[in-house]
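Each remark here refers to the structure printed beneath this line.
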Amino acid sequence: MVSKSLYLDQRHAAGCKSVLLANPRGFCAGVRRAIAAVEDALAAHGAPVYVRRAIVHNRRVVARLERLGAVFVQDVSEIPQGAVTILSAHGSATAVKDAARRGKLRVVDAICPLVAKVHAEVVQWHLQGRHVVLVGHVDHPEIIGTIGQVPRASISVVGTVTDVNALLLPDDTPVAYAVQTTFSVGEADSMIKAIKTRFPHCAGPRTSDICYATTNRQAAVVEIAAQCDVVVIVGDPMSSNARRLVETAIAAGCPQGLLVEGADDLASRFPAAAMRVGLSAAASAPDEVIEEVCAWLREHGFGFSEVAGTEEGMRFRPVPVTLPGRERSDAAAILADIRRDVDEAILEAIGDMPARSLRLADAMRYAATSGGKRFRAALTVTVTQMLGGTRSMALRAAAAIECVHAQSLVHDDLPCMDNDDLRRGRPTAHRQFDEATALLAGDALLALAFDILADPRTHHHAGVRAELVLRLARSVGQDGLAGGQMMDLYPSEIISSAELIACLAGKTGSLIRYAVEAGILLGHADDQCNAGLLSFAQDLGLLFQLQDDLLDAVGDERVVGKALGKDAAKNRKNAVSVLGAEGAAQEAQRLLASCAKALEPFGDRAACLLELARFAARRTL
């Protein structure tokens, strides 16, 4: 059998003009998702819809969306109060989101899930006391957004190995690195090596930050570059991943690389002597522009050969664009607002006393500030404030709940339980430290939760503190978390729907239910209000675990940040295996409707709670 490369060489020798089409090329899943977010928002809300900065780096895409009614602005201060506002796929700094909230904008965040993963990593490294070394181009919107996740003094941007060596940091500084998702794979490898060489106490992400689309397109260009006289990249000069593809082609042995915006651009710059052309396209280049360039090459006598490449099966859930009323809040904003305060409360409670074991404290901090959503904490704070309670007290109770949640995850990941190596995109506690340290850290976090609740700072009334302690003990014991986990580990041979509900209500639902109960205890409500909120909490706990089971069955590990398919691999029963994927999804929708009904008596006061329930139903990690 004659290889494709040999066949092409023979054609070239015969004087044929040929084009090697790299695969994959063009739009990636993240770009399609971001563009669809603008289109969907226009369809749902009508024009105008405001977009901060270019939704993706391609002027043709931006121009088409402008014709549909999108208005692109540089800053949220330019957007009228209350307007539907879309934040770009490159990600936005927390200051931008804060400004949008102050302007009462109705925000749709179209951030690429893989960029969101980098943001979460950077925040986590900062909370661990590490200085973040961010590999990327300092003026790129993704880098600007990532820098804005943490205090500016705690993060440095490096674009070359020289920049790494010039950092004004002692070599023994505990650092962690993160990488721009569209950075050159080869350059990133060199820089990570330099960072690790200079800083021995360096940490980094478990998997590469560079997105699959960037990696695949660069690898495809490397495959063809040395066989070509010129490699043509279709893309916009604004696009970092487009420029990196040109650089990659030249570094891989092609004498010339061209970045073109379309056929007219190619016509004015095409080297007349070129016989062998490689063709690829940036992840933000539309299909019609790629075809336009191909048509020009065909008209000038070039034949085409597709080169086999990596199959891209990545799919992201659509960006939710159905917004509540103008006065309501976005779940991501609620969670982000509470996450920072709760993490500070947890770190303060763990403390840093020299007389204690530093290793145990490090393991506790590692487990308890691991970049989680703080969904349970948000419930407690939101319910407390809705019922007229004090935020500072609610944050302490929320910190206690998150300590228990962290303990349950540490134990759940141990070899005797689920034996997981990865949690939220990084090593589990027993892999980062050791099994004994992880076990003791979990025990200490559980004890710390009760310590926080029993402290007079959590509530001035001893009876309220005692009730908080009692209900938490019950929620994690035989009738709660531990009991539900036992049912999950050792289910009946044939599990009924009722047994499934009991299991879900225990292992996940009990702590979510307690988060609402804590808010009720810290607020001021009558019995009728309590009943409605407890009904909401019961349904929400089931809904949250149903979505977990659906993610385990159909999610993507690179986005979710942990191993998936575990239940099926161990022949464990969950909502998908008992109800089927479609049945589980239908039940999740029913539970969401039930949550909404339970909150109806509270009216607009419960807008944030309803948004959190919607988040639980649509989350992807």
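Rounded to the nearest angstrom and listed largest first, the equivalent-ellipsoid semi-axes of the range 29-111 from its Cα gyration tensor are 18, 14, 11.
I'd like the orientation of helix 331-350 relative to the chain: the angle between its Cα long axis and the longest Cα principal axis, in ° from 0 to 90, rounded to 10. The angle comes out near 60 degrees. Tell me the trypsin sites (Lys or Arg not before Pro) within the range 272-341 that lie in a loop according to DSSP and have at most 13 other beta-carbon atoms within 10 Å. Passing both the DSSP loop test and the Cβ count: R315, R326. The fewest-to-most ranking of C403, C529, C608 by surrounding Cβ atoms within 10 Å reads C529, C608, C403. Of the residues T248, T162, the one with the fewest other Cβ atoms within 10 Å heads the list, and the complete ranking is T162, T248.
Our coupling estimate for the range 248-254, obtained by passing each phi through the Karplus curve with A = 6.51, B = -1.76, C = 1.60 and θ = phi - 60°, is 5, 4, 5, 5, 8, x, 7 Hz, Gly and Pro reported as x. The length gained on full extension between E299 and Q128, counted as 0.36 nm times the residue separation minus their Cα-Cα distance, comes to 55.7 nm. At an R0 of 45 angstrom, the distance between the Cβ atoms of A116 and D527 translates into a FRET efficiency of 0.65. Calculated translational diffusion coefficient of the range 236-333 (37 °C, 0.692 mPa s; Stokes-Einstein with Kirkwood radius over alpha-carbon pairs) equals 197 µm²/s.
Largest first, the three principal axis extents of the alpha carbons in the range 82-209 are 50, 28, 24 Å in whole numbers.
The trypsin sites (Lys or Arg not before Pro) of the range 420-481 meeting both criteria, a DSSP state outside H, G, I, E and B (loop) and at most 11 other C-beta atoms within 10 angstrom of the site's C-beta, are R457. Taking the longest Cα principal axis of the chain as reference, the axis of helix 358-368 is set at about 80 degrees. With loop defined by DSSP as not H, G, I, E or B, and exposure as at most 16 other Cβ atoms within 10 Å, which is the longest segment of the chain clear of exposed GluC sites (Glu not before Pro)? Between the exposed loop sites, the longest stretch runs 1-310. By DSSP, the beta bridges lying fully in the chain are antiparallel in about 5 percent of cases. What the pair-distance distribution of the range 17-170 shows, using all Cα-Cα distances binned every 10 Å from zero, is 10, 34, 31, 18, 7, 1 percent. The slack in the chain from L168 to K193, taken as 0.36 nm per residue of separation less the alpha-carbon distance, amounts to 7.2 nm.
In terms of overall dimensions, the range 156-274 has a Cα radius of gyration and Dmax of 17.2, 55 angstrom.
Dipole magnitude for the chain: about 540 debye, using +1 per Lys or Arg Cβ and -1 per Asp or Glu Cβ, origin at the Cα centre. Projecting the Cα atoms of L358, A281, C202 onto the charge dipole of the chain, computed from C-beta unit charges around the Cα centre, puts A281 farthest toward the positive end. Rounded to the nearest whole Hz, the Karplus-based 3J(HN,Hα) values (6.51 cos²θ - 1.76 cosθ + 1.60, θ = phi - 60°) of the range 71-84 follow the sequence 10, 9, 10, 8, 9, 5, 5, 7, 9, x, 4, x, 6, 5, with x at glycine and proline. Arranged from fewest to most other beta-carbon atoms within 10 Å of their beta carbon, L546, L266 become L266, L546. Residue-normalised convex hull volume from the C-alpha trace of the range 316-412: 119 Å³ per residue. Inter-part distance, the range 595-609 to the range 77-95, computed on C-alpha centroids, equals 26 Å.
Under 5 Å between amide hydrogens, built in the peptide plane, is the criterion, and for V135 it picks out V158, A178, V179, Q180 among residues at least 5 positions away or on other chains. In the calculated pair-distance distribution of the chain, the portion above 33 angstrom amounts to 51 percent of the Cα-Cα pairs.
Quick note: the coordinates plus some simple rules give every number you see, no bench work behind them. For clarity, every value in this text was computed on a predicted model and none was experimentally measured. Note that we place each Cβ from the backbone using ideal geometry, even for glycine, and neighbour counts take in every protein chain shown.
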